[in-house]
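See below for the structure under consideration.
We did not get these values from a lab; they are worked out from the coordinates using the rules stated. Just so you know, these numbers come straight off a predicted model, no measurement behind them. When we count neighbours, we look across all protein chains shown, and the Cβ atoms used for this are built from the backbone with ideal geometry, even at glycine.
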């Protein structure tokens, strides 16, 4: 006898996700680009929308990172968040995962120097 395995697919609950219309409205009122960070936790996907950090946020994150790297990550997330799941900022595991993904915002721009 052959045993047949049934694959059960469960829909992941998306928390904090914006509708396309709400996302367009957010983009219209947010200066600069808006980025989506998706944090998967078991059967849930938490959506967090971030803007690029301005100079003041970068300064605060830099100062805080010298004494407490985890707290500097929270400062970054709190100040750059424009919408999304509140649970991400309240749950340490979700916040750490979001901060790791969002760190790429700090290095997303590249510069080069040319002798002319």
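For the reader, a short list of remarks on this structure follows.
- Count of residues meeting criterion [over 22 Å from residue 39 (Cα atoms) and in contact with a helix residue (DSSP H, G or I) (Cβ under 8 Å, 6 or more places away or on another chain)] in the stretch 64-96: 2
- Among residues of the stretch 11-35 that are assigned to a loop (DSSP other than H, G, I, E, B), those with a Cβ under 8 angstrom from a residue that is exposed (fewer than 12 other Cβ atoms within 10 Å of the Cβ), sequence gap 6+ or separate chain, pair up as 12/40; 12/43.
- Residue match in the stretch 41-51 (condition: in a helix (DSSP H, G or I) and surrounded by 14 or more Cβ atoms within 10 Å (Cβ to Cβ)): no
- Any hit, the stretch 49-64, residues being within 13 Å of residue 95 (Cβ to Cβ) and touching a strand residue (DSSP E or B) at 6+ places or on another chain (Cβ under 6 Å): yes
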